[in-house]
Structures are given as C-alpha cells and as structure tokens.
Amino acid sequence: MSQRFTLMTAALLAAALVSVDAVAAAPAGARSYEDLALNGAGDRVAALESVNPPDAAKRAHASVVVRNAGSGKVLATYDPCPHCLYNYPSWSPDGKALAFIGNDSKSGNATLYLAASDGKARAISTFKGVANTARWSPDGQRLALLATVGAKKSTGATQAGAPQVGEIGADEDEQRIALVPRSGGALKLLSPDDTFVYEYDWTPDGTGFVVTSAKGNGDNNWWVATLGHVDIGSGALRILAAPKTQLNMPRVSSDGKTVAYIGGLMSDFGSVGGDIFTVPLAGGEPVDLTPGFNGSFNGLDWRKGQLLATAQMGGEQAVLTLDPSSGKHRVLWSQQASVGTACEGCVSLSADGTLAAITHDNDALPARVSARSITWTNNQFTVQGWLISPRQIDAGKTYPMAVIVHGGPAAAATPGYIAPGKGSHGLVNDLTAKGYFVFLPNPRGSYGQGLAFSSANQRDLGGGDWRDILAGIDAVEKVAPVDDRRLALMGHSYGGYMTMWGVTHSQRFKAAVAGAGIANWISYYGQNGIDQWMIPFFGHSAYDDPAVYRAASPIESIKAARTPTLITVGERDVECPPAQSVEFWHGLKALGTPVSLVIYPGEGHSFQLPSSRADERARTLAWLDRYVQ
C-alpha cells in the first residue's frame, strides 16, 4: 500500500490525515501536524508542526506554521516561547490575524499570542495558570479562551495529579471562559467560579456561549457534564440539556437556533465517539440524529445549514455531510486512515476547494512494516483490528506476536504513521524490528461499529471484550505465520487492566506488560480521582452493587496467574492510581510468579518526561526478550 502523512484540503474542509500504511515505520525526521486551522478564504492553513526525534528520550517541540493552502509553501513560522506547548491556532474572521496559546511549564504562565501579517507574534495577555482553545468573537473584536487561573496541575485527568496533602477537595481548579480584547489586556473571567467548563462555542450573535460543564472537580465530573449557555453580559449559566450520555463538541448552527453535539458512552474526555444529537438553543430534550449509524462520529461542525462530521467506520475514517432535519448522511471521503486525534482541530472548514495534498514533507519516507485490517466474528458481532508485521517475512518461519490492547475502553486502535521513538507507535516500530508481529484488536466497547457495539461491554468488562480478543488472535493465526507458543500481552490503562485480567484467565501468553492497570475494582473505586466514569459502565456504585465490581477484578483470580508480568505506572496517576499496580504486584510476588513493578516519579496517567517513556520502552523490550524470544 502507498503511504501518506500530510495536510490535505477538501471540499468544505481541511484535515490532518495519516494513512494506514499505517502503520509504516518512519526513519528520523517524520513531520507531524496537529491542531489544524484553515482561514475563511481557504488560502492559508495554520498548524502545529514538529519533527519527531528518533530517540524516545528526546521531546519534539512544535511551532505554529502558516502555509499556502494551495502550494504548501511556508509563509510564516511562530515560536515565541521555546519552552511552551502551543494549542489550537485560530484565525480572525477577517483572516488577517492568528491567535494561539502557549503554556510554559517552567514559568507556570499561560500566554495568549496574536500573530499579524508582519510575521511577528506578540503576547496580548499573560497570567499564572494554564489555558487552551482560543476562539474569536463573530465580530473579531475579542478572543475567548478556557483559562484555569492559579492551576495546581495541568488540565485533564491524564496529567499528573496535584500532591494529595492538606484538606482534600477543599480548593478545586476550575477552568472558566475568559475574554481578552483584540488589542490585549487582562483576562476577564466570565463563567461561574464553581463550574469547570470543558468545551465551548460562540453563539453567532456574539452574546454568549454554548458550553459543556460540571460543578466541582474537573477531572472527575466530565462524565456527568451538562449542555448549557453562558451569557456574555452576566456570566450566568443556563442548562439546556442534561443527557444521560457523555457529550463532546457542542456546535451552534449559523442561525443560532440549534446546538449539535456528539453523544455516547465515553470513558475519557478527548476520546470521542458516538452519535450526533441536536437540541434547541432554547433548551429541550436532545434528539439522536443518527440512530443505528454503523460507526462512531468523532468530529463535528456546521456549514451553510448542514452538518459536516468525521467518523470512524470500521477500519476507515470518513468525512460526511448530514441533513440536520432528516439525519440523512452522505460520505464525501473515506480511507483506511486517521483524521488527527480527538478531533478538536482535526477538521477546519472553508467555503470551497477540492481534495488535494498540501504538504509533501513525508513523501520520501519508506514503509518498513506491513499492515492489514483483520476482521472476525464473535457472538453476534463483527470485530476489527490491525495486524502489523515486518516487511520481510521468511517462508516457512513462524514469528512471535505482541497483542497490544488500547486504552479506554471507549477508544480504538486506528492507523498512524509509526516513527521510532514516539509513544506506542515507537514501541510497535521497535517490536517489528525485533521480528514481532503486532496485533491491535478493537473488541466490543471500542469505537467504529456504532453505539450498540461501543456500549456492549457495560457491566461486562473482561467478559465479551476478552473473548473478542482471544477470537481475534485465533483469526490472526489462520492468516499469518504467528507462533502461538510465543505470544505477549500488553496495554496501558484499560489495556493494562485487560493485561492483568488476561494473565489471570489464560496461560496462553509467555509474557505480559501491564501499564497503569486496575487489579481490584472495589479498592479502585475509592482510590481513583475519576469515579464518575464508572457508573455508566457498571450501572451502580461499588457500594450499591459490589458483586459486579468483584466479578470483573483480576485480583479475584490472582492465584491462576503464571505469566511473567512487568508492571509500570506513574506516581501521581489520577485515573489508575499506583496502589492498583502495587496490589497486583504483591499478589504475583506472593505466588512466586515472575514480576517487576516500576513506579515513575512525578508522572501521571500519560507519561510526560521523555526519560520515563524511554525507560519504560527499554524495560518492555528487555522483558519480552527474556520471556518470549
């Protein structure tokens, strides 16, 4: 298959696309693009661009780059803060200015920058804290952003938690909508001071915002967030709807009458998948616009009275238009590819254009692995996953295989360009270089097959999803030269839980690596910082229905575990506290099962220090070398 890792424009949209040659391994120098923004005229595109270092112990630094949307020529590069992480560049309505935010971990400051046509970026507002998602008012005279003044931690439950000292829960970070004049000045905090705002969109008349928000702790309460309206004059919050599902990406129609959002069973903020719902801006009961849709929507916006969306449909990503009155959809484009991540900033709309590549920086990168989509059936479901292998396969030879279960559980393994040194793709690169096949299953509970499929693991974690994974391994072994006697199981978060579950329910694997797993759902319920996510999946709290929590706990079947297991976790993990890893380590150690536990200082659920990621990678490869090869 051919490969592409580039920026592209399309009719009504631009998107950062990564094709499945998926999973082709890149040498040093693969260029990444994130947080895409196409200006209204469709002739300039801004994105965060970086070159991936091949060494996992090094960090890529992204700059804000503006290109000609036709030729791909670089018109300007902005990097006013070498230590900052930038996010979401945003064009003014007149297309003459570009705003973006930089968060500086060294100073603890967040800065709103304005880049003008003279090629310079100037700071127009700075404060202690963190910020994200700058957006222009419809008249172009003000900028809104999400600001956490005096933040005690970086925003999001995957970030390292604040030290748990003093009176717990007495003083929570609250992310609020703030306003800054185009000319610059101090922040004006607008939304209520006891409410965490997760996402927002301007109303077309500029008099307010549609928001997703919840009172109290922002890490914990996204799963019970409501859809609301914040008045720009008073800052008052009016609830529009309180859906039973989780919700993302509220978007207001151009006539100001309707709000669309993506709703579904979701396990993490930023991991988006579900149906498209609409509700009147005046408030009311949400209506599912796409019931029975065989896929998971993950990006959404309005254009000329129609909805434009991205969706994962099986192993493909698609761009679709939808009629907001009938829900009828039309696929504009689909491919075995990924359209960005999460999808805030994955699609950017313009008035016209044709599908065409903007950049060609990665055209010369060779494919060093092979990738294919694998489908199989289990129970009533058709299940999909990705099989990655070395490009050169010797006839008559069999190979070891690593099964990597994605996080979530509401997520999916999707195509991505595999570069040495970067995240999970870097691990896949290293494994294939050592002669491993790598299998990335998307069992029930994953995105891509519709709401019924992504909800099919409710009250059944470790049940049907585990059977799907085992059936997927069987399906792979029918079509690929994989040695069933040399299998490894690994994953992080939900994948770490499934690894702990797998080694207590199967003797099929020769080694396992459990990152940030969950050993005991009962103790976990009282230890983690995000217990609200569990109610939609388990139906009740651990105090009201402990039996379903115990039934899904690996610790209950720990005496069956014989697989050598490496366990890794961050010291300040809010989502999967290290106590869970300690509990599983203690059980395996007591049984005499080979086990190693590494707790990384200062790290949260998602490791930030390149040194931590590099060490975890090296330990993983050494563990597999010892017990699988």
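The values are calculated or read from the model by the stated rules, or taken from the named source; none is laboratory data. Nothing here was measured: the structure is a model prediction, and the numbers come from that model. Quick reminder, even Gly has a Cβ in these numbers, built from the backbone with ideal geometry, and neighbours come from all protein chains shown. With ligands, DNA and RNA removed, areas are computed over all heavy atoms of the protein, side chains included. Shrake-Rupley method; radii C 1.70, N 1.55, O 1.52, S 1.80 Å.
Numbers at a glance
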item: Under 13 Å, Cβ to Cβ, from Gly515 - net charge with Lys/Arg +1 and Asp/Glu -1; result: -2
item: Positive minus negative residues near Thr377 (Lys, Arg vs Asp, Glu; Cβ under 14 Å); result: +1
item: Chain lengthening between Lys106 and His360 when straightened (0.36 nm per residue, less Cα-Cα); result: 88.0 nm
item: Prolate/oblate/rounded label for region 244-308 (Cα gyration tensor, a/c 1.5); result: prolate
item: Accessible carbon and sulfur surface of region 65-203 relative to its total accessible area, %, 1.4 Å; result: 50 percent
item: Heavy-atom accessible area ranking, 1.4 Å probe, most first, across Glu49, Glu477, Glu34; result: Glu34, Glu477, Glu49
item: Per residue value of the accessible surface for region 374-461 (all protein chains in place, 1.4 Å probe), Å²; result: 33 Å²
item: Dipole of region 368-486, positive end: most advanced residue of Ser370, Ser446, Ala471 [Cβ charges, Cα centre]; result: Ser370
item: Gyration tensor verdict on region 476-629 (Cα atoms; rounded if a/c is under 1.5, prolate if a/b is larger than b/c, oblate otherwise); result: oblate
item: Leu591 accessible area, 1.4 Å probe, all protein chains in place, Å² to nearest 10; result: 70 Å²
item: Distance between region 486-560 and region 175-235 - C-alpha centres, whole angstrom; result: 35 Å
item: Gained length - Asp545 relative to Ile393, 0.36 nm times residue gap less alpha-carbon distance; result: 49.7 nm
item: Overall Cα dimensions of region 383-460 - principal axes, largest extent first, Å; result: 42, 30, 18
item: In region 171-247, trypsin sites (Lys or Arg not before Pro) in a DSSP loop with at most 10 other beta-carbon atoms within 10 Å; result: Lys244
item: Region 184-273: C-alpha gyration tensor shape, a/c 1.5 cut-off, then a/b vs b/c; result: oblate
item: Kirkwood hydrodynamic radius of the chain, from inverse mean 1/r over distinct Cα pairs, in Å; result: 24.9 Å
item: Protein accessible area in region 251-338, 1.4 Å probe - carbon and sulfur %; result: 49 percent
item: Whole-percent carbon and sulfur share, accessible surface of region 473-579, 1.4 Å; result: 51 percent
item: Order of exposure, largest accessible area first, which applies to Leu387, Leu189 with probe 1.4 Å; result: Leu189, Leu387
item: Computed [θ] at 222 nm, deg cm²/dmol, the chain (DSSP H ≥ 4; -39,500 (n - 2.57); rounded to nearest 500); result: -4500 deg cm²/dmol
item: Whole-number accessible area per residue in Å² for region 106-245, which is evaluated in the context of all protein chains at 1.4 Å; result: 42 Å²
item: Label point 7 Å beyond Cα of Lys128 along Cβ direction - residues of region 139-161 with amide nitrogen under 12 Å; result: 149-152
item: 1.4 Å probe accessible area per residue over region 50-94, in Å²; result: 47 Å²
item: Qualifying chymotrypsin sites (Phe, Trp or Tyr not before Pro) for region 540-613 [loop in DSSP, other Cβ within 10 Å: at most 13]; result: Tyr543
item: Per principal axis, descending, Cα span of region 452-492 in whole Å; result: 34, 21, 14
item: Solvent-accessible surface (1.4 angstrom probe) belonging to Ser455, in square angstrom, nearest 10; result: 30 Å²
item: Ranked order, Phe381, Phe100 - accessible area, probe 1.4 Å, largest first; result: Phe381, Phe100
item: Calculated FRET value between Ser63 and Asp139, using beta carbons and R₀ = 22 Å, to 0.05; result: 0.15
